[in-house]
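Novice: Have a look at the structure that comes next, please.
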Amino acid sequence: MIRVALADDQHLVRAGFRALLEAEDDVIVVGEASGGEELLALVRRESVDVVLMDIRMPGGDGLWATEQIAADPALAGVHVVIVTTFELDEYVARAVRAGAAGFLVKDTEPVDLIRAVRVVAAGDALLSPGVTKRLLERMAVGLRDAPDEQRLSALTDREREVLRLVGLGLTNDEIATRLVLSPLTSKTHVSRIMAKLHARDRVHLVVVAYESGLVAPGWQ
């Protein structure tokens, strides 16, 4: 069972998310919060797998709450999905650095909301083509001031290529197809890259790909 917490200062938004999620057999909403401080108390009190969180909230906004969750070792199993709009790219850039695992826009389709919760709960990141890829490309300028290729020195040429494809939003299966590898080999490469770069998750790898200059906005 996937345990979800909702954080949004609009009651109707929380109620809508709850109704959608609890219609699924494998999801339960364990609590709601209208602000960041209330959300932190909730995730420290309850066992939570995924947080769906707005950015603009009173009592500690979503950006602050994401940073607090990411900094607390006791909350390492809590995965944050930011609910945002394209106008908030600068905040999302900071949130992804703090450890947010995915992004949704508020008018997302119900099926995409449910898929996001399952993807993130499984330990992956919501980086598939579509909204998130466009968002990452648009906020890339905010992720880095200048390329830092030195941080990739521990990677092999193959690992650099895999990292570039991760940065472009490809899944492990898509990377395997592109590089003519088995899916298991692709997954192994990604895991090794994460270990070498001390990356928290796949989203962090995308950040590194942009910050190092390995990927630039608009690349295909």
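Novice: With each label point set 7 Å from Cα along the Cα-Cβ vector, what nm distance links residue 115 and residue 188?
Specialist: 3.0 nm
Novice: Also, quick follow-up: Ordered by packing density, taken as the mean number of other Cβ atoms within 10 Å over each peptide's residues, highest first, how do 53-64, 5-16 rank?
Specialist: By packing density, highest mean first, the sequence is 53-64, 5-16.
Novice: How far apart, in nm, are two points set 7 Å out from the Cα along the Cα-to-Cβ line at residue 177 and at residue 25?
Specialist: 2.9 nm
Novice: What is the calculated FRET efficiency for residue 76 to residue 1, with r their C-beta to C-beta distance and R₀ = 22 Å, to the nearest 0.05?
Specialist: After rounding, the FRET efficiency stands at 0.70.
No value in this document is a laboratory result; all are computed from the given coordinates. Note that this is a predicted model, so its numbers are computed, not measured. Neighbour counts are summed over all protein chains in view; Cβ atoms, including those assigned to glycine, are modelled from backbone coordinates with ideal geometry.
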